[in-house]
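Novice: Structure in structure tokens, see below.
No lab work stands behind these numbers, since they all come straight from the coordinates. It should be emphasised that the depicted structure is a prediction, and the values quoted were computed from it without experimental measurement.
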Amino acid sequence: MDCRHITIKEIHEILDNGTVNYAKSEPDAQPDPKYAMEGFTEEHQHLRIIIAPEGAKLIVITCIELGVEWQCNCN
């Protein structure tokens with residue numbers, strides 16, 4: 001997430017206020033369904049958060065700022 005300049009706070013904003021993009025989701029995937037949550041943060045970032053439910057928890061798979069290509073130097 002650091003390479004994409006997305007914070008935990010911004011992820012929570014999308015999980016709390018975003019909408020599910022069913023075209024980018026895989027709700028019937030077995031054994032792990034995935035959902036694409038999208039929305040705008042207070043800083044006007046357009047984010048897509050891919051999540052997978054695991055019991056009572058949500059696992060964040062990846063976070064994407066739509067329309068922005070960030071350089072990544074991770075190893």
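Novice: Expressed as a fraction of 2.2 N^0.38 Å, the rule-of-thumb size for a compact globular protein of N residues, what is the C-alpha radius of gyration of the chain?
Specialist: The chain yields a ratio of 1.11.
Novice: Also, I was wondering about something else. Where a Cα-Cα gap under 13 Å defines reach, which aspartates and glutamates qualify for residue 34, not counting those fewer than 8 residues away within the same chain?
Specialist: Those aspartates and glutamates meeting the cut-off are 26, 54.
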